[in-house]
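Structure first, then comments.
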C-alpha cells in the first residue's frame, strides 16, 4: 500500500476513534460541570484524561497497529500531555473567564488536540521503525 493511502486510512481511523471519544469527553465534562458544578478546569482535566485513555488504547491497536513497547508509547503520549494539558487548561480558563461559552472553548480545545495529537502520534509515538 502506498504511503499516502496508508496515511489517509490512518487519518480516517484516527478521526473515527476521536469521534467515539468525543461523547466520552463531552459527557463526562457535562457531568462534572452541570451535575457536580465543578469549575471549568477540573471538569476539563478529568474529561480529558478519560478521553486520552480511550484514544490511546484504540489508536495504538487500530490506527497505528503498534504492539511494540507500550510503556514507551504511553510515556511519549504522557510527554505530549505534559505540554498540552497545562497550555489548554490555561487558555480554557482564560477564555471562559473572558466570557466565552465553556462548550465553545471545549470544542476549540478538542479540535486543537485532535490535530496536534494525531501528528505527534504518527511522527513520534508510532513512527515506523527505520532499518
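No lab work stands behind these numbers, since they all come straight from the coordinates. None of the values given here were measured: they were computed from a predicted structure. Using ideal geometry, Cβ is built from the backbone for each residue, glycine included, and neighbour counts are taken over all protein chains shown.
For the chain, the longest principal axis of the Cα atoms and the long axis of helix 70-97 meet at an angle of about 30 degrees.
Modelled spin labels at residue 49 and residue 90, positioned 7 Å past Cα toward Cβ, are 2.1 nm from each other.
In the range 1-68, the alpha-carbon atoms span a convex hull of 83 Å³ per residue. For the chain, the longest principal axis of the C-alpha atoms and the axis of helix 40-58 are separated by about 20°. Length gained on full extension, residue 12 to residue 76, computed as 0.36 nm times the residue gap minus the Cα-Cα distance: 20.8 nm.
Write down, largest first, the equivalent ellipsoid semi-axes of the range 18-131 in whole Å, where each equals the square root of 5 times an eigenvalue of the alpha-carbon gyration tensor. Don't skip to the answer; put the middle values down first.
Details: eigenvalues 159, 40, 25 Å².
Values for the range 18-131, descending: 28, 14, 11 Å.
Relative to the longest principal axis of the Cα atoms of the chain, helix 102-120 runs at roughly 20 degrees. With each label modelled as a point 7 angstrom along the Cα→C-beta vector, the residue 34-residue 112 pair spans 2.4 nm.
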